[in-house]
Structure formats: structure tokens, C-alpha cells
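Structure, as C-alpha cells:
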Amino acid sequence: MPKLSADFLQKWSIRSRLAITHAIVTILILLVVTLFMYWALLNSLQKENYQFLSNEIKIIQGLLQKSTAENPLDKLKQEIIWEPTILQHTHYRYYCRLLNSSGNVIMETPGINTLTRANNLLSLANTRLLQSNQNYTWKATRYHYYLMATKIKNDTGEDYILQVILFSKQQVGLLRDYQRALVIVLILGGLLAALTSAFIARESIAPLQKILETTRLISTKKLHQRIDPTAWPKELTLLAISFNEMLDRIQRGYEQLTQFSEDLAHELRTPINNLMLTTEIALSQPRSITYYQNILTSNLEEYNNLSRMINNMLFLARSDNDQIKLQYTQFDARQILFNICEFLEIIAQEKNMQLSIEGQAIISADLSLFKQVINNIIINAIYYSHPDSLIKIIIQQNQYQTIINVQDSGIGIAPAHLAKIFDRFYRTDAARAQNTGGTGLGLAIAKSIMNLHHGSIEVISKLYQGTTVRLSFPNSNSID
Ligand SMILES: Nc1ncnc2c1ncn2[C@@H]1O[C@H](COP(=O)(O)OP(=O)(O)OP(=O)(O)O)[C@@H](O)[C@H]1O
Ligand SMILES: [Mg+2]
């Protein structure tokens, strides 16, 4: 059942839902107000009518009790027979009847017997009155009649029953007019409520419609399109801001992707052109075996570079898609760094550079990825440092993390480049001038390895003074 109502609601647009709810609530309020007004009028009329009847009873009761007064019967006749008769042709009519304790009529307003329904009710009340005590007064209102009956005792102790009926044509007309007016108010109010609700719903939903139009305009060629959050109602400002932020991310991603494809094509073009050129030259005329051997050796080097680049790109793609599963092991970081330095010593010695290691720590990480990231960073330090300089590797460990600083005193990186060196294929001109055969993927790989370990990589550098790369691995007990 709840599923059914949810499906049913889902088919209704927000606009229809808003309009219908608003219209129903307005009509309900209108209904309550009109009913209350009708009730208030009826209540005040009833009060007034009963007041009139009880005044009449009081007067007759007074006359009955003053049996010693002059001509009490005349006065009673005047009150019960003459006075109501005079009013009988006006809009306001009332009738009285005096009965003795046995229920026999003593005196009554002429015409009272024609009021059958009222008399039926009164005769029913009589039985109750006769059984009741002295003070009981019965009252009722039916078919526009107001009835009141009471038991009266005179000075001599005799019981009487006094009945009074009031009928006001004017009040009936007034109530009917009022009812008609209220029905008209309800119908017109309902129509007005429906119209205003439709209008309000349309206006409230208008901003969403505009968002929809803007989103429709957005395509890969128009990714710069944004929504102006200040133009939206308060509730939608956050939506507009989040939407713009999402567009920023998509645009950045899209631009990076475009840039990446462009760089990739560019990086592949040069080695492949070189390979084609050398092969074409070799084939242009018969050559000696030594010539062919030299060409193949130099081509092999180019193939190696290409294969390294493709492997690096594959690694990055797999890392982006969360396809790399880490094999955590605990190892002595100093020992591993020592092994890597020993291996890299050959390149370092070419530039007469020294490598030193300070500190020690037991680290928990994927060993092969750890080696790869350290390798990338130390090779950078060797490539981009001056000959005869020293590269310091400092290991620090605290409660939460193990930090490895690789510090060189090389060419440094200008602040303008610092933010971009982690981008794929990004290389500074100074680095290109070194002719290292690098492709600008080393730091991108280092960053993705550090991300895989939930760690971080930070580069602090001063142009012409040197660079420190800070790798931070969380300790195994602080990884969740
Ligand atoms: N220690 C450093 N000193 C000065 N510049 C550096 C240093 N490390 C990195 N860079 C700069 O950052 C750029 C990006 O480095 P990255 O390791 O990603 O690429 P690469 O070394 O040029 O090529 P690859 O590592 O793919 O062989 C380098 O080209 C260089 O401009
Ligand atoms: Mg590098």
C-alpha cells in the first residue's frame, strides 16, 4: 500500500503537487472560517431567542405568583393572549400556553395549536417536566422554532406548566441569506484558491525550469557555462553552487583529458619519427653490417623508452581505476634505501655526486611500489642537480607517519611550475635542457603511489638552490 501511494505521487509533478496542496489547504481554511462565522451567527441568535423566551417566562411567572395583585387574570390574559396576537402578522411571532398540573390548558395564545411539530415536542417535554423538581426548565430548537417550557408554583402551592414558542421569519430569512452568501464565498474562494495556487506553483518552480534550460545548454563544447547562484531563491542557491562546482570538476577533468591526449600524441610522435627516419636512411642504400648494428642498437634504446612510457601510462590508468592492489609488508626503510642508492651510485658517480642516508625506520608499505617511488625521486635529484653535489636522504618517524626527505642542491623549481610538476608529461624547460630522456611521468606516478598508500608527497623548492621532496607514509597502526 505505501509503495502504491509512492508510485502514485511520483507520477505527479512537483508543480501539480504544490498547486493541489495549496488549493486544498486554502479551501479548507475558507471552509473552516465560513462554518465558524455561520456557527457564531447562529449561536448569537439562539442566545437572543432563549433570552427572549426566558424573559417571557419570568414575566408570566411573576404574574402567577402575584395572585393578590389587582386583576391578575387580566394581566395574564394580556401577556398570554393579547400581546402575542398583536405581533402575529409581523416577522416575529411567539406563542404561550399555561397548563395546570394535570396537563389541561388554562390559557393559550390563539393559533398555537396549528404548530403541530412544536406541540409534539412540547407534549413530550410535559411528561418530563411533571416528574421533575421545581427548577427544571426544558428548552429546544427545531425547524426554526425555539421552545421553552417550565414548571411554576404559585403562592398557594399549585403547580403550573408554562410553554413558550418563538418563531422568527426574519431570522430564518437572515440565516438563509447568510448560508447563500457563504456558499458563494466558498465557490468563488475555491476558484480563486485554485487559480492562485496554480500561479504560485508555476512561479515557485520557475527557477528549476531555468536550471533545466541552463543544463541543456551545457555540452563538451560549452563546459564554461555556469548558473548565477545569486539569481536563485535561497533554497536553490546551494544547489546552484554545487552544480557549478560539479561543472568545475568536470571541466577540469575534461581539459586534463584533452591535454593528456594531446601530450600523449606529442610524446609518441618524436620517438616514432626518429625511428622512421633512421630506418628510412638505413634502407636508402646498401650499408655495412656495423652500420645496421648501430642503427638497431639506437632503435632498441628508443623502443625501451617507448615501452617504459607505455608501462608508466598503463600503471597510471590502472591506478586511476583502482585496479592496483597493494601487498603490504613491513621492512627496514634504511636497508631498502641503501640498496637503491647502491644501485643508483653508477649514475651518481657519472656526475661525481654523493648519496647519504640519515635515520632509520620500520615501514609498512608495498615494497615494489615503495622502491619505485624512491627510485623516481632520487633519479630526479640526480638528474636535476649540479655535479659534485650531495643528495641527502633523511628518514624520520613519529607516532603517526614515516617521512622520507630527499634533499638536493640542484637547479630547483620556479614557484610557477611547482603546482604543475605532478601533471602527466609536465616538464620544465630547464629539465628538458638536461636531456635525460624523461617523459614527465615520474612525479605523477610517485603521487599516485603515495595516494594508494593514503600518504602524501610534497615538493619544497627554491630556484637555483635546491629541492626537497617529502614523502609521508602513514604508520600501519594509523591506517584504518
Ligand atoms: N629534484 C628536482 N629538481 C628540480 N626539478 C625537478 C626535480 N624533480 C622534478 N623536477 C621537475 O619536475 C618535472 C617533472 O618530474 P618527473 O619526474 O615527473 O618527470 P621527468 O623526470 O622529467 O621524467 P620521467 O621521470 O618520466 O623520466 C621535471 O621535468 C623537472 O622539471
Ligand atoms: Mg623523473
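The numbers here are math on the coordinates, done by the rules we state, and not lab data. In this text the structure is predicted, and so the values were computed from the model without any measurement. Counting neighbours? That spans all protein chains shown, and the Cβs are built from the backbone with ideal geometry, glycine included.
Numbers at a glance
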{"item": "Radius ratio Rg over Rh of segment 310-371, counting only Cα atoms, Kirkwood formula for Rh", "result": "1.08"}
{"item": "Rounded, prolate or oblate (a/c below 1.5 giving rounded, otherwise prolate when a/b exceeds b/c) for segment 104-209 by Cα gyration tensor", "result": "prolate"}
{"item": "Karplus-derived 3J(HN,Hα), 6.51/-1.76/1.60, for each residue of segment 44-52, Hz, glycine and proline x", "result": "5, 5, 4, 4, 4, 5, 5, 4, 4"}
{"item": "Cα shape, segment 238-361, gyration tensor, a/c 1.5 rule", "result": "oblate"}
{"item": "Nearby lysines by direct alpha-carbon distance to LYS234 (threshold 24 angstrom, same-chain neighbours under 8 apart not counted)", "result": "LYS210"}
{"item": "Neighbour net charge for ILE347 - beta-carbon separation under 15 angstrom, K R +1, D E -1", "result": "-4"}
{"item": "The chain, helix-only ellipticity at 222 nm - DSSP H runs n ≥ 4, -39,500 (n - 2.57), divided by all residues, nearest 500", "result": "-20000 deg cm²/dmol"}
{"item": "Mean projected area (nm²) of the alpha-carbon convex hull when segment 12-176 is viewed from all directions", "result": "13.0"}
{"item": "Qualifying chymotrypsin sites (Phe, Trp or Tyr not before Pro) for segment 189-298 [loop in DSSP, other Cβ within 10 Å: at most 11]", "result": "none"}
{"item": "Fully extended contour minus Cα-Cα distance, from PHE338 to ALA416, at 0.36 nm per residue", "result": "24.7 nm"}
{"item": "Rounded FRET efficiency, nearest 0.05, which uses the C-beta distance separating ASP322 from PHE199 and R0 of 60 Å", "result": "0.75"}
{"item": "Largest-first principal axis extents of the Cα set of segment 372-427 (Å)", "result": "35, 30, 23"}
{"item": "Net dipole in debye of segment 194-295 [+1 Lys, Arg Cβ; -1 Asp, Glu Cβ; about Cα centre; nearest 20]", "result": "200"}
{"item": "Nearby lysines by direct alpha-carbon distance to LYS153 (threshold 29 angstrom, same-chain neighbours under 8 apart not counted)", "result": "LYS47, LYS58, LYS66, LYS75, LYS77, LYS139"}
{"item": "Mean separation of Cα contacts under 8 Å (6+ apart) over length of the chain, as relative contact order %", "result": "10"}
{"item": "Distance (nanometres) between label positions extended 7 Å along Cα→Cβ at HIS266 and LEU314", "result": "2.6"}
{"item": "Difference of contour (0.36 nm per residue) and Cα-Cα distance, GLN349 to ASP159", "result": "54.6 nm"}
{"item": "Segment 84-128, Rg to Rh (Cα coordinates; Rh as Kirkwood inverse mean 1/r)", "result": "1.00"}
{"item": "Per-peptide average of other Cβ atoms within 10 Å, ordering 344-355, 161-172 highest first", "result": "161-172, 344-355"}
{"item": "Ratio of Rg to Rh over segment 302-411 (Cα coordinates, Kirkwood Rh, two decimals)", "result": "1.00"}
{"item": "Estimated dipole of segment 321-462 in Debye, rounded to 20 [Cβ of Lys and Arg +1, of Asp and Glu -1, Cα centre]", "result": "320"}
{"item": "Cα gyration tensor shape for the chain, rounded if a/c is under 1.5, else prolate or oblate", "result": "prolate"}
{"item": "Whole-number D in µm² s⁻¹ for segment 215-304, Kirkwood Cα-pair radius fed into Stokes-Einstein, 37 °C, 0.692 mPa s", "result": "186"}
{"item": "Reachable aspartates and glutamates, given that their alpha-carbon falls under 17 Å from the alpha-carbon of LYS222 and they are not under 8 places away in the same chain", "result": "GLU213, GLU245, ASP248, GLU255"}
{"item": "Projected label distance in nm at ARG142 and ILE24, using a 7 Å step from Cα toward the beta-carbon", "result": "4.0"}
